[in-house]
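Have a look at the structure below, then the notes.
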Amino acid sequence: MTVAFGKFLQKAEQQYFLNLPIAHQRILGLENKPQWAPLACFSTHFEIILALSNMKPSVLFWAEADSGTERADASPVFNDYVETVVQPLFKIFGLEKYGYILQKISHDVIVNGRENWGGAWVLVDTRSAHWDVVRHVYFNAEDAEHQIPITGEALGLPVLSGLPGYDMRYTITNTTATLELSELVDEEVAPVVAMDYRGSSDAMQIDWSRKHFLLCQAIAALHNIQLKFEYHPWE
């Protein structure tokens with residue numbers, strides 16, 4: 001099921017982001033960028049594969065995009081993407097019977113006192129060992145303010161708590177999707193980001209992130225996907 005779903009999702013995601021309306025490009029701050037830029041920056045294809053492989057407890061369809069000189073909530077774009085691409089496939093493949101929920105967050109969820117995930121869609125694995133945390137973060141209106149450690153756990157990010165700073169950027173890129181995109185648009189493209197997160201620059205975090213990448217790599221191999229892992233100071 002996961003492999004078949006992943007193939008359908010990848011193609012549908014490609015078509016969606018390569019044909020993004022100018023209004024959506026403007027929200028993302030990409031209206032003057034190449035047509036492939038939204039897909040390279042905002043693909044959720046591999047994160048969803050991880051969730052369907054029981055390795056990621058949730059996928060949040062939300063981002064804060066750089067729109068001109070201001071930071072803009074990109075939820076209108078992601079909500080449209082979920083409703084036109086992910087939700088129909090979710091129903092076709094009957095993912096509810098496997099324990100998955102695709103649901104809009106019905107109340108404000110304030111993260112670190114600045115981000116608000118309210119109104120965004122989230123794909124959740126109710127069978128995950130982190131289900132209690134996921135349910136608390138996304139669906140408990142009585143406690144709607146959270147800090148990075150607990151939200152990172154809900155998202156399944158390999159960020160070790162208790163280490164100093166979030167000054168390192170860890171990025172996993174999908175080299176297979178990058179090559180396919182380049183062939184599709186017949187030009188060189190930027191790497192398609194599969195996962196991107198902030199963590200400490202401590203050696204323990206670097207080692208833990210490498211181990212997490214190896215697990216991602218094993219799942220990717222089942223889908224004939226090759227990945228690349230990088231980290232560098234967050235700018």
Requested in this report: Looking only at segment 147-170, decide whether some residue is of a type in the set (A, V, I, L, M), closer than 24 Å to Lys11 by Cα, in contact (Cβ under 8 Å) with a residue 40 or more places away in the chain and not in a helix (DSSP H, G or I).
Outcome: no
Report task. For segment 21-37, enumerate the residues that are under 18 Å from the mean Cα position of the chain (by Cα) and over 15 Å from Asp73 (Cα atoms). Result -> Trp36, Ala37
**Report entry** Count of residues meeting criterion [in contact (Cβ under 8 Å) with a residue 40 or more places away in the chain and either among the aromatic types (Phe, Trp, Tyr) or outside any helix (DSSP H, G or I) (or both)] in segment 68-111
**Finding:** 9
Report task. Run down Ile92, Ile22 and say which single residue is at pLDDT below 95, farther than 24 Å from Leu227 by Cβ, among the hydrophobic types (A, V, I, L, M, F, W, C) and loosely packed, with under 14 Cβ neighbours inside 10 Å. Result -> Ile22
Query - Any chance Ala40 is small (Gly, Ala, Ser), at pLDDT 95 or above and closer than 12 Å to Leu123 by Cβ - result: no
Query raised in the report: Which pairs have Cβ atoms under 7 Å, sit 6 or more apart or on different chains, and link a residue in segment 222-235 that is loosely packed, with under 14 Cβ neighbours inside 10 Å to one that is part of a helix (DSSP H, G or I) and not polar (S, T, N, Q)?
Result: Leu222/Val3
Query raised in the report: What tally of residues in segment 157-174 results from selecting those that are surrounded by 16 or more Cβ atoms within 10 Å (Cβ to Cβ) and more than 18 Å from Pro233 (Cα to Cα)?
Result: 1
Requested in this report: Determine if segment 55-63 includes at least one residue that is part of a helix (DSSP H, G or I), over 24 Å from Leu215 (Cα atoms), modelled with pLDDT under 95 and not hydroxyl-bearing (Ser, Thr, Tyr).
Outcome: no
Query - Enumeration of residues in segment 112-131 that are buried (at least 19 other Cβ atoms within 10 Å of the Cβ) and outside any loop (DSSP other than H, G, I, E, B) - result: Trp121, Val122, Leu123, Val124, Asp125
Query raised in the report: Just for helices (runs of 4 or more DSSP H) wholly inside segment 9-54: which have at least 1 residues that are without any contact (Cβ under 8 Å) to a residue 40 or more places away in the chain?
Result: 22-28, 37-42
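The values are calculated or read from the model by the stated rules, or taken from the named source; none is laboratory data. Note that the structure is a prediction, hence the values are computed from the model and not measured. FYI the Cβ positions are ideal-geometry reconstructions off the backbone, even for glycines, and counts take in every protein chain you see.
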